[in-house]
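The values are calculated or read from the model by the stated rules, or taken from the named source; none is laboratory data. All values derive from a computational prediction rather than experimental measurement. We place every Cβ from the backbone using ideal geometry, glycine too, and count neighbours over all the protein chains shown. Heavy atoms of the whole protein, side chains included, go into the accessibility calculation; ligands, DNA and RNA do not. Shrake-Rupley method; radii C 1.70, N 1.55, O 1.52, S 1.80 Å.
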Amino acid sequence: MEDSTSPKQEKENQGLREVEGPWEEKTAASPQDPDPQSSEPLEAEQVPETGPQPRNSPPWSPQSRASTFLGDVTGQEASPPNSPPQQTSSTPPLTLAEQDLGAPLQSGRTTTRIPDAGTPLSGSLEQSSDKRESTFHLTRQSEENTFPEPQQPKPDLYGLRDPSYDTSKQKELRFDIFQEEDSNSNCDLLQSEPGASEVTPSMLEVAIHNAKAYLLRTSSKSGLNLYDHLSNVLTKILDERPDNAVDIIENISQDVKMAHFSKKLDTLQNENELLPMYEIAEMQKALFLQGNLEGADQELEEEIAEGSLPNVMEAAFYFEQAGVGLGTDETYRIFLALKQLADTHPIQRCRFWGKILGIERNYIVAEVEFREGEDEEEVEEEDVAEERDNGAIEADEDEEDEFPKAFYKAPRAIPKEESRMGANKYVYFVCNEPGRPWVKLPSVMPAQIVMARKIKKFFTGRLDAPIISYPPFPGNESNYLRAQIARISAGTHVSPLGFYQFGEEEGEEEEEVEGGRDSFEENPDFEGIQVMDLVESLSNWVHHVQHILPQGRCNWFNPVQKNEEEEEEEDEEKEEKGEDPDYIEQEVGPPLLTPISEDLEIQNMPAWTTRLSSNLIPQYAIAVLRSNLWPGAYAFSNGKKFENFYIGWGHKYSVDNYTPPVPPPVYQEYPSGPEITEMDDPSVEEEHAFRAAQEASVSAAEENEETEEDEDEDDD
Amino acid sequence: MDAESLLLSLELASGSGQGLSPDRRASLLTSLLLVKRDYRYDRVLFWGRILGIVADYYIAQGLTEDQLAPRKTLYSLNCTDWSLLPPATEEMVVQTAMVKGRFMGDPSHEYEHTELQKVNEGDKVFEEEVVVQVKEETRLVSIIDQIDKAVAIIPRGALFKTPFGPTNVNRTFEGLSLSEAKKLSSYFHFREAVDLKNKTLLEKADLDPSLDFMDSLEHDIPKGSWSIQMERGNALVVLRSLLWPGLTFYHAPRTKNYGYIYVGTGEKNLDLPFML
């Protein structure tokens, strides 16, 4: 025992000295440098015999569960050990400690004997500083080669273990901890052997080893062992130091287990998941790159810089005051995307129209006006339709007269408005996200607008998605989107009264079929309207986009009139059918620049709501208009400036639910006459009666003949 | 959204376009703190904004320790003075089912509608037209309750249930992973489970009782009433409800940020089946 205790003593001394280091600036530590080396050879022998020494720990370790351990540590840190006495009194405390194994176990954890207190304190301090280091050691228990590494990361925290100390003390200390943990779980073992320990430390060691082996046993299901798991959990807790760790210990344990498994899959899955994020970041980075500023392009730039790009950020600032907006970053990116659009296309003016939300993706819409003569020609689809119509009619005529001729003639398709007129005044570009390429939307046809009024569908976000609806929409999502944009623009683009005025008066009154004046220009003498006036009265705002007639156009198109002028064949048809009315009433809508107070109310609710952006500071507030008919349409003005914006799903508001229109009645295709009217087949009785009647008449005729013959014969 | 992370949450939810103006934001930050202190709530959520004709209602909810306990709802017209709303009852829901149209913005406004009611008078039973008046406050309460029950959502793992009963915030929730974030099944309704009992034992076998104790969005009727989108590449997942347009839920995967906000007119989109 003597032999064994002395080296242990030395070790303990080392331990004590180690412990003193942080607190006494290594005054005592320096002369002890040679010791570690001397103890190294001893360590190997003592590896199996470290049982008794760490008995210092058990007195308080069984009582210190994971949570109170920390309390322990802090408590004992506060009372720095009486280090000098420890050195001298190391021997007696050691033996005392051994003897007092049983008692401290049953008594409270606070030190019960002062001499004991010395060593337990030091031991625990050792442990405490150990424990923190053990967060690194324990995870590498299996590898006994990493002595220097774990220590280095935390030298600042505990000030100071020299790696040299640690390398030597590593094993010993680790075993301290091992034993402590073992004792945590095996306190009953220890408790049951207080007496036995003094006599047969080897049995205790054996028990401890068994316990450790049990903890190290690998689970057959998950491949983990409790030892590693507990050390990982405690490592995590000590790293993160959450509050009330005891309350969430189960969750932490679960998380550690999950983290252990999910790591292996990361290398595969992460790649795909992060790719879209990088893609879009790359695309958006391209936005931020400045365009080439070569000499030749500079002129172009100047032209463009004149007025084509609006100050989106300024408008966004005002809208933010109203509580509407996309967030500063997003708006800036959209701004850059608009600039990119302006750079690549010959654009006179462009404006950020708004954002339409969709199911899979959203649309960012830009309203663009091309420069004079620069816009591209559209394919004239409408003419093709006309020709097809005529072809069908001719085919009908060519067919023989056997078939009853159909009355039905498809109503002539109403031609779309020319570009720059009416609903096609502006061209719209959309993109899904700033950074993605802009796509031009096709011009809108009146038929599409008419149909769009009858259906209500969510946008999916893909421009080529078909619109499946009744009545069938002529086109796909890009057409539907364009039609809705046209309707929203016509319904909600407003400006303060006087901002726009009509162009110079022309000689004739233009009250013809072409509708009211459709051109306006900015009023250079506009002086602004008081914000309060703008808020209080709706008549200070006017629509500056033409209203779309029920026909689907802004300028009325008379289909009948054209019939008479063109297509003589159609004249013939018309005469034959004689059902077309000769005169279709012209559809009239409110003229341009009508104040919005004239807008129809929806169920006793005005079509617009006005607000002041801030009630607290009215002198700098702006007037905000919100449309109740098209939820999501906003307009602001601060008296001089104004802007319109839309953000929403792209549908009109209606109090009643949407009801799809009923299919029309079956059309009467041809004249009904006796030769084609259906008659019921005669029933059996009728047939019998008919036959009977026929037979009767035949027999009557025969009888008549017979009687006549008889009579003749008789006469003769 | 949590009142504590209001600014960040508003920024993340800004994709839907409707947010708050700076003065409202500023007043919310201060007033919600005071609400939390005065009413002793554990957490205060800024629920959203209901747009009315004359004024808007700003709604906040206070939660106690047990996250699934009925929440207290407060409303304000100016983001500084908050008034408690009464809890919703079945009766209220029935009453307000007949009211259509927008909110006025005045809590004492009364909606009138006539109803045919059977009145028993002695032996005779005849129908009378009764004018029923419903206060806007009642309508507000029932709409908020309906929206909460229908579309208030929470990512899986954000709350956990202890064996003792109360539901707690899961402090070790690190956010959904990207693949989970795109699935509807990783989001739960923030209310007591309704469908869970109807599940077969086979389905329940894979569930974790401490995390999966609420209904997931997968089986919502009508199918397709949620739109899931990833914004900013994969850095933000946004769910928008198509049944109650205006409800936006956002979550940044792999982080703890999540929340929902409702900014809208407070009307259910009954045309949804036609629109899908």
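Hey, could you check the stretch B:25-42 for residues that are within 11 Å of chain A (Cβ to nearest Cβ) and open to solvent by 40 Å² or more (accessible area, probe 1.4 Å) and say which is nearest to the chain's Cα centre (by Cα)?
Of all residues in the stretch B:25-42, those within 11 Å of chain A (Cβ to nearest Cβ) come to B:25-27.
From the residues that got through so far, the ones that are open to solvent by 40 Å² or more (accessible area, probe 1.4 Å) too are B:25-26.
Numbers: B:Arg25: 20, B:Ala26: 23 Å.
Only one residue tops the list, namely B:Arg25.
Would you check if there is a residue in the stretch B:211-218 being within 16 Å of A:Gly648 (Cα to Cα) and either under 16 Å from the mean Cα position of the chain (by Cα) or more than 14 Å from every other protein chain (Cβ to nearest Cβ) (or both)?
Checked against the condition, which is being within 16 Å of A:Gly648 (Cα to Cα) and either under 16 Å from the mean Cα position of the chain (by Cα) or more than 14 Å from every other protein chain (Cβ to nearest Cβ) (or both), the stretch B:211-218 yields no hits at all.
Inside the stretch B:163-211, can you point out the residues that are of a type in the set (S, T, N, Q) and either in a helix (DSSP H, G or I) or at pLDDT 80 or above (or both)?
Within the stretch B:163-211, B:Thr167, B:Asn168, B:Asn170, B:Thr172, B:Ser177, B:Ser179, B:Ser185, B:Ser186, B:Asn198 qualify.
Taking only the stretch A:631-650 into account, find how many residues are crowded, with 22+ Cβ neighbours inside 10 Å, outside any strand (DSSP E or B) and more than 9 Å from every other protein chain (Cβ to nearest Cβ).
1
Would you check which residues across the stretch B:220-242 are of a type in the set (Lys, Arg) and in a loop (DSSP other than H, G, I, E, B) and list them?
B:Lys223, B:Arg232 - these are the residues of the stretch B:220-242 that are of a type in the set (Lys, Arg) and in a loop (DSSP other than H, G, I, E, B).
Does the stretch A:659-681 contain at least one residue that is within 9 Å of chain B (Cβ to nearest Cβ) and in a loop (DSSP other than H, G, I, E, B)?
Within the stretch A:659-681, one or more residues are within 9 Å of chain B (Cβ to nearest Cβ) and in a loop (DSSP other than H, G, I, E, B).
Report yes if A:Tyr653 is among the hydroxyl-bearing types (Ser, Thr, Tyr), in a loop (DSSP other than H, G, I, E, B) and either more than 30 Å from the chain's Cα centre (by Cα) or within 14 Å of another protein chain (Cβ to nearest Cβ) (or both), otherwise no.
Yes, satisfied.
Residue by residue, here is whether (1) open to solvent by 20 Å² or more (accessible area, probe 1.4 Å); (2) under 20 Å from B:Phe173 (Cβ atoms) holds:
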position: B:Leu201; (1), (2): yes, no
position: B:Leu207; (1), (2): yes, yes
position: B:Leu211; (1), (2): yes, yes
position: B:Glu218; (1), (2): yes, no
position: B:Ser225; (1), (2): no, no
position: B:Gln229; (1), (2): no, no
position: B:Arg232; (1), (2): yes, no
position: B:Ala235; (1), (2): yes, yes
position: B:Val238; (1), (2): no, yes
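If you check B:Gly157 against the conditions, is it within 12 Å of chain A (Cβ to nearest Cβ) and over 23 Å from B:Pro245 (Cβ atoms)?
For B:Gly157, the condition - within 12 Å of chain A (Cβ to nearest Cβ) and over 23 Å from B:Pro245 (Cβ atoms) - is met.
Quick grid of which residues meet (1) buried (at least 20 other Cβ atoms within 10 Å of the Cβ); (2) within 30 Å of A:Tyr363 (Cα to Cα); (3) within 14 Å of chain A (Cβ to nearest Cβ):
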| position | (1), (2), (3) |
| --- | --- |
| B:Phe164 | no, no, yes |
| B:Thr172 | no, no, yes |
| B:Ser185 | no, yes, no |
| B:Glu192 | no, no, no |
| B:Asp195 | no, no, no |
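Touching a Phe, Trp or Tyr at 6+ places or on another chain (Cβ under 6 Å) and in a strand (DSSP E or B) - does that describe any residue in the stretch B:121-141?
Looking for residues that are touching a Phe, Trp or Tyr at 6+ places or on another chain (Cβ under 6 Å) and in a strand (DSSP E or B), one finds at least one in the stretch B:121-141, hence yes.
Select from the stretch B:235-276 the residues that are more than 12 Å from the chain's Cα centre (by Cα) and hydroxyl-bearing (Ser, Thr, Tyr) and list them in ascending order.
If the condition is that a residue be more than 12 Å from the chain's Cα centre (by Cα) and hydroxyl-bearing (Ser, Thr, Tyr), then B:Tyr250, B:Thr255, B:Tyr258, B:Thr265 are the ones that fit.
Looking for whichever is at pLDDT below 85 and aromatic (Phe, Trp, Tyr) here; the options are A:Phe403, A:Phe459, A:Phe429. Which one fits?
It is A:Phe403.
Identify, please: which residue in the stretch A:601-613 is more than 8 Å from chain B (Cβ to nearest Cβ) and touching a residue at least 24 places away in the same chain (Cβ under 8 Å) and is, among those, surrounded by the fewest Cβ atoms within 10 Å (Cβ to Cβ)? Talk me through it step by step, then tell me what you get.
From the stretch A:601-613, those more than 8 Å from chain B (Cβ to nearest Cβ) are A:601-602, A:604, A:607-608, A:610-612; that's our starting set.
Narrowing the set further to residues that are touching a residue at least 24 places away in the same chain (Cβ under 8 Å) leaves A:602, A:608, A:610-612.
Numbers: A:Ile602: 16, A:Trp608: 21, A:Thr610: 18, A:Arg611: 20, A:Leu612: 19.
Checked the stretch A:601-613; the qualifying residue surrounded by the fewest Cβ atoms within 10 Å (Cβ to Cβ) is A:Ile602.
Among (1) within 30 Å of B:Pro22 (Cα to Cα); (2) in contact with a helix residue (DSSP H, G or I) (Cβ under 7 Å, 6 or more places away or on another chain), where does A:Tyr658 come up short?
A:Tyr658 satisfies every listed condition except (1).
In the stretch A:188-247, which helices (runs of 4 or more DSSP H) lie fully inside it and hold 1 or more residues that are open to solvent by 60 Å² or more (accessible area, probe 1.4 Å) and at pLDDT below 80?
So the answer is A:194-199.
Which residue is nearest to A:Ile647 (Cα to Cα), if the candidates are limited to the stretch B:255-267 and must be facing chain A (nearest Cβ under 10 Å) and in a loop (DSSP other than H, G, I, E, B)?
Just the residues of the stretch B:255-267 that are facing chain A (nearest Cβ under 10 Å), to begin with: B:263-265, B:267.
Then keep just the ones that are in a loop (DSSP other than H, G, I, E, B); that gives B:265, B:267.
Details: B:Thr265: 14, B:Glu267: 18 Å.
The qualifying residue nearest to A:Ile647 (Cα to Cα) is B:Thr265.
So if I check each of B:Gln95, B:Gln117, B:Gln61, which one is at pLDDT below 85 and crowded, with 17+ Cβ neighbours inside 10 Å?
Numbers: B:Gln117 fails: crowded, with 17+ Cβ neighbours inside 10 Å; B:Gln61 fails: at pLDDT below 85.
One residue alone meets the criteria, B:Gln95.
List pairs: first residue in the stretch A:420-445 and within 18 Å of A:Pro346 (Cα to Cα), second residue assigned to a strand (DSSP E or B) and open to solvent by 40 Å² or more (accessible area, probe 1.4 Å) anywhere in the structure, Cβ distance under 6 angstrom, at least six positions apart or on different chains.
These pairs meet every condition: A:Phe429/A:Lys440; A:Val430/A:Val439.
Tell me, yes or no, whether the stretch B:243-252 has at least one residue that is assigned to a loop (DSSP other than H, G, I, E, B), facing chain A (nearest Cβ under 9 Å) and without any contact (Cβ under 8 Å) to a residue 60 or more places away in the chain.
yes
Can you give me the number of residues within the stretch A:326-355 that are in contact (Cβ under 8 Å) with a residue 12 or more places away in the chain and within 10 Å of chain B (Cβ to nearest Cβ)?
7
Sort out which residues of the stretch B:219-230 are on the phi < 0 side of the Ramachandran plot and within 14 Å of chain A (Cβ to nearest Cβ), and write them in order of number.
Here is the first cut: in the stretch B:219-230, the ones on the phi < 0 side of the Ramachandran plot are B:219-223, B:225-230.
Answer for the stretch B:219-230, where residues must be on the phi < 0 side of the Ramachandran plot and within 14 Å of chain A (Cβ to nearest Cβ): B:Pro222, B:Lys223, B:Ser225, B:Trp226, B:Ser227, B:Ile228, B:Gln229, B:Met230.
Any chance the stretch B:197-208 includes a residue that's out of contact with any Gly (no Cβ under 8 Å at 6 or more places or on another chain), touching a residue at least 12 places away in the same chain (Cβ under 8 Å) and at negative phi?
Within the stretch B:197-208, none of the residues are out of contact with any Gly (no Cβ under 8 Å at 6 or more places or on another chain), touching a residue at least 12 places away in the same chain (Cβ under 8 Å) and at negative phi.
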